[in-house]
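These notes are about the structure you will find just below.
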Amino acid sequence: MTVTARETILARIRDAQALAPAPAVDIPRDYRTDRTLPDADRLALLADRLVDYKAEVHTCTADRTSEVIADVLRERGVCRLGIPPGLDRTWLSAYEGEVHTDSADTPAPELDALDAVLTSSAVTCAETGTIFLDASPDQGRRALTLVPDLHVCVVDLSSVTAGVPEAVSRLTPTRPTTLISGPSATSDVELERVEGVHGPRTLAVVIRTDV
C-alpha cells in the first residue's frame, strides 16, 4: 500500500502527541466582556473605523432600507446583483437590475459575472470596525462575498457591540465565520496598498439605525 506524504506527516504528529501529551492548561477568561456604549457613540465609532478602512458608510432607518440600497447600487452601475437565498427580498423592492440568488450548485468562477453582492451580517464590532458573517441564510457562503468586486453589507445598529469580546460572545462557535474590516487590500509588495486582491475592491456598509 502506498503511503502519501500527508499520511506520513500526520502519523508522526500523532506519535509525538502520544509520547508527550500536552499538560492541562487553565486559560484565563477574566477579560472584559460587558462594555457598552450609547447608540450614538457606537454608530459614530463604527462609522469612523469603516471610513478609515476606506469603506463606504450609509446610514438609514429601516423603512428606507430598499431606497438606500438601490441608490448605492445605482451609483455603482450594478446591473447584475447576487444575493444569498435567505435575504429579505423587500430590500430589493427599489432595485431594477437583475438578481441572481446564489446556491451551492453555482460554481465560484461564475460569481465573477456579478457586479455586486448584497448580504446581511451577524454582528459588528465598533471598536475595530469589523463585520462578522456567519454563513446564515441571509449572508450566504463565503465565496459569494469574496468573488464579486462590490459587497454591500447591511448592519443593524442593534447588532453592533462596543468591543471584540462582546461581539464574539454573540457568535455561534460552530458556525463558519468571516471577519471583514474594510475592502480587501494588501500592502505586501513595496508597502503599496493594492485593493481587491483577496476579495471585494469596494465595501459599502448600510447601517440601519433603528433596528
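The values are calculated or read from the model by the stated rules, or taken from the named source; none is laboratory data. Since we're looking at a predicted model, the values are computed, not measured. Reconstructed Cβ throughout: ideal geometry from the backbone, glycine too, with neighbour counts over all protein chains shown. What goes into the accessible areas is simple: the full protein's heavy atoms, side chains included, and nothing from ligands, DNA or RNA. Shrake-Rupley method; radii C 1.70, N 1.55, O 1.52, S 1.80 Å.
Scan region 151-161 for residues that are closer than 12 Å to LEU46 by Cβ and open to solvent by 10 Å² or more (accessible area, probe 1.4 Å) and jot them down.
Residues satisfying the conditions are ASP156, SER159.
Run down PRO148, PRO165 and say which single residue is open to solvent by less than 10 Å² (accessible area, probe 1.4 Å) and of a type outside the set (A, V, I, L, M, F, W, C).
PRO148
Condition first: under 19 Å from THR161 (Cβ atoms) and open to solvent by less than 70 Å² (accessible area, probe 1.4 Å). Can you find one or more residues in region 61-81 that meet it?
No: region 61-81 contains no residue that is under 19 Å from THR161 (Cβ atoms) and open to solvent by less than 70 Å² (accessible area, probe 1.4 Å).
Got at least one residue in region 19-34 being part of a helix (DSSP H, G or I) and either open to solvent by 100 Å² or more (accessible area, probe 1.4 Å) or out of contact with any Phe, Trp or Tyr (no Cβ under 9 Å at 6 or more places or on another chain) (or both)?
yes
Give me the residue from region 168-189 that is hydroxyl-bearing (Ser, Thr, Tyr) and part of a loop (DSSP other than H, G, I, E, B) and, out of that set, most open to solvent (accessible area, probe 1.4 Å).
Only one residue fits best here, namely THR174.
Kindly list, by first and then second residue, each pair from a residue in region 186-206 that is under 23 Å from ALA70 (Cα atoms) and modelled with pLDDT of 75 or more to a residue that is in a loop (DSSP other than H, G, I, E, B) and open to solvent by 100 Å² or more (accessible area, probe 1.4 Å), limited to pairs with Cβ atoms under 9 Å and residues at least 6 apart or on different chains.
THR202/LYS54; THR202/ARG76; LEU203/LYS54; ALA204/ARG76
If GLU110 meets every condition in (1) open to solvent by less than 50 Å² (accessible area, probe 1.4 Å); (2) free of Cβ contacts under 8 Å to residues at least 12 places away in the same chain apart from one, which number is that one?
In the conditions (1) open to solvent by less than 50 Å² (accessible area, probe 1.4 Å); (2) free of Cβ contacts under 8 Å to residues at least 12 places away in the same chain, GLU110 misses (1) alone.
Scan region 19-42 and report the pairs whose first residue is under 15 Å from VAL168 (Cβ atoms) and whose second residue is of a type in the set (Gly, Ala, Ser) and open to solvent by less than 100 Å² (accessible area, probe 1.4 Å), with Cβ atoms within less than 9 Å and a gap of 6+ or a chain change.
These pairs meet every condition: ARG32/GLY163; THR33/GLY163; THR33/SER169; ARG35/ALA162; ARG35/GLY163.
So is SER103 in contact (Cβ under 8 Å) with a residue 40 or more places away in the chain and open to solvent by 20 Å² or more (accessible area, probe 1.4 Å) or not?
Here the answer is no, as SER103 does not meet what is asked.
Would you check which residues across region 167-183 are in contact with a Ser or Thr (Cβ under 8 Å, 6 or more places away or on another chain) and among the polar types (S, T, N, Q) and list them?
Scanning region 167-183 gives SER169, THR178, SER181.
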